[in-house]
2 protein chains.
Amino acid sequence: MPSPSPSPSSSPPPSPAGSRPLRADARRSIAAILDAGIHVLAVRPDASMADIAAAAGVGRVTVYAHFSSRADLLRAVVARAITEGDVVLAQVDLSGDPRAALERLILASWEQIARIGAVAAAAAGVLEAEEVRRLHAAPAARVEALLARGRELGVFREDLPAAWLVSVLHQLMQGAAVEVAAGRLEAAQAAPAISASVLAVWTCAR
Amino acid sequence: MPSPSPSPSSSPPPSPAGSRPLRADARRSIAAILDAGIHVLAVRPDASMADIAAAAGVGRVTVYAHFSSRADLLRAVVARAITEGDVVLAQVDLSGDPRAALERLILASWEQIARIGAVAAAAAGVLEAEEVRRLHAAPAARVEALLARGRELGVFREDLPAAWLVSVLHQLMQGAAVEVAAGRLEAAQAAPAISASVLAVWTCAR
DNA sequence: CTCTTCTCGTACAGTGGTGTTCGAGTTAGA
DNA sequence: TCTAACTCGAACACCACTGTACGAGAAGAG
């Protein structure tokens with residue numbers, strides 16, 4: 001028994017849609033694999049199927065019983081990670097002063113990035129670019145909407161492409177995660193630093 | 001003959017230091033391998049030794065005749081790429097208004113990032129973190145010095161860690177390279193966007 | 001309790017990379 | 001021209017990983 005317990009799954013495992021409902025132990029296995037996948041891949045994006053199976057406390061063959069290939073598992077892990085994160089992000093209050101809303105959104109997003117870590121990076125190497133794009137669509141739309149609203153109010157700058165401003169946000173969060181992982185930045189300082197930096201880029205034209 | 005000519009090397013290949021000087025064809029091979037390494041790894045960071053050998057127009061065994069392992073080659077490629085870039089960066093005028101100096105430095109750095117691309121990313125996966133750090137020391141020192149000077153003049157903000165401000169510069173440049181490669185940002189727009197963004201972060205406190 | 005589903009160890013084939021050895025052929029350099 | 005240095009293809013051992021097959025056994029569902 002390589003791992004004592006794969007951490008209890010918070011959300012119920014996905015139902016198999018078409019066919020007969022899965023047996024309870026199968027649903028438990030899937031949840032454990034997905035959980036382990038998020039945790040292991042966040043630390044080591046090139047982890048093997050055996051690594052993930054071991055972390056889930058499950059046989060390697062059992063993983064293949066539920067996911068036909070490594071890419072298939074990766075897709076499922078990323079989808080679940082993003083979905084979970086998106087649920088949290090959906091609760092962020094984006095009304096009121098766009099600057100304050102941006103700060104709230106960044107704070108919540110940072111917590112998700114810190115949790116998910118490099119899972120997206122793992123996916124980038126295996127999944128199609130378009131596929132990754134589609135999975136990120138929901139969180140990205142939220143940011144874009146906030147940017148657009150702030151621009152209408154004259155709060156956010158208009159002299160740089162919107163896509164660039166959005167990507168600055170992503171880059172600084174991902175970059176902060178790297179800095180924290182490397183020990184060059186205190187975890188507690190990360191969110192304020194990201195907030196101050198993104199706010200500066202989005203609001204300080206000239 | 002997979003590649004017609006591995007592009008003429010601008011700088012002379014490194015001398016073998018201790019032992020007898022290498023024969024001319026050996027020096028040519030090493031230069032071709034290093035050149036090919038930069039170009040191939042910039043596009044595909046996980047390229048194999050065979051890929052690099054083919055791009056260099058050289059047998060795979062010949063690569064091993066000069067570099068004992070993949071990590072060894074990677075180290076040499078990164079060292080050369082950074083050294084070449086650093087020569088260019090050393091010519092940038094960093095005197096005068098720190099803001100203008102920063103813009104000049106960013107413009108020159110961006111050209112190097114665009115050229116070297118993902119070579120550093122390739123190294124990150126294989127080389128020790130400390131080793132990568134040491135290789136980046138020279139370019140990083142230049143940025144840090146400029147930041148320090150600007151701070152003394154009251155031009156650059158002091159309310160965020162210097163290390164963070166430096167990393168923002170790196171992140172936005174690397175991020176811009178990704179955006180350009182993905183076709184989400186025009187290459188011509190990259191440098192102005194980076195400049196404006198970094199300047200905003202470095203100067204716009206509050 | 002019984003049938004069905006699922007687990008899981010072992011074993012296997014296949015793939016794609018690394019690094020080495022050998023020997024024949026080529027090339028630089030004195 | 002002669003020799004030492006270098007190239008290079010082929011072949012090899014080795015390793016880590018992926019994905020498949022089989023069969024015994026455990027566990028859920030009714």
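Structure notes:
- Flag for residue B:162 being without any contact (Cβ under 8 Å) to a residue 40 or more places away in the chain, more than 16 Å from residue B:111 (Cβ to Cβ) and more than 7 Å from every other protein chain (Cβ to nearest Cβ): yes
- Just one of the listed residues (A:90, A:36, A:71) is open to solvent by less than 50 Å² (accessible area, probe 1.4 Å) and within 28 Å of residue A:180 (Cβ to Cβ), namely A:36.
- Checking each residue in region B:197-206 for being surrounded by fewer than 21 Cβ atoms within 10 Å (Cβ to Cβ) and either over 14 Å from residue A:198 (Cα atoms) or facing chain A (nearest Cβ under 7 Å) (or both) picks out only B:204.
- Test: residue B:122 is within 10 Å of chain A (Cβ to nearest Cβ) and in contact (Cβ under 8 Å) with a residue 40 or more places away in the chain: no
- Number of residues in region B:39-68 that are away from DNA strand D (no atom under 14 Å from the Cβ) and either in a helix (DSSP H, G or I) or open to solvent by less than 20 Å² (accessible area, probe 1.4 Å) (or both) equals 6.
- Counted residues, region B:166-195 - those being without any contact (Cβ under 8 Å) to a residue 60 or more places away in the chain, buried (at least 20 other Cβ atoms within 10 Å of the Cβ) and more than 23 Å from residue B:138 (Cα to Cα): 3
- Residue check for residue A:73: farther than 24 Å from residue A:148 by Cβ, of a type outside the set (Asp, Glu) and modelled with pLDDT of 95 or more: yes
- The residue that is surrounded by the most Cβ atoms within 10 Å (Cβ to Cβ), among those in region A:149-165 that are farther than 14 Å from residue A:195 by Cα and within 23 Å of the chain's Cα centre (by Cα), is A:164.
- Some residue of region A:51-65 being touching a residue at least 40 places away in the same chain (Cβ under 8 Å) and among the charged types (D, E, K, R): no
The values are calculated or read from the model by the stated rules, or taken from the named source; none is laboratory data. Given the structure is predicted, the values throughout are model-derived calculations rather than measurements. Don't worry about glycine lacking a Cβ; one is built from the backbone with ideal geometry, like all the others, and counts go over all protein chains shown. The accessibility values were calculated without ligands, DNA or RNA, using every heavy atom of the protein model including side chains. Shrake-Rupley method; radii C 1.70, N 1.55, O 1.52, S 1.80 Å.
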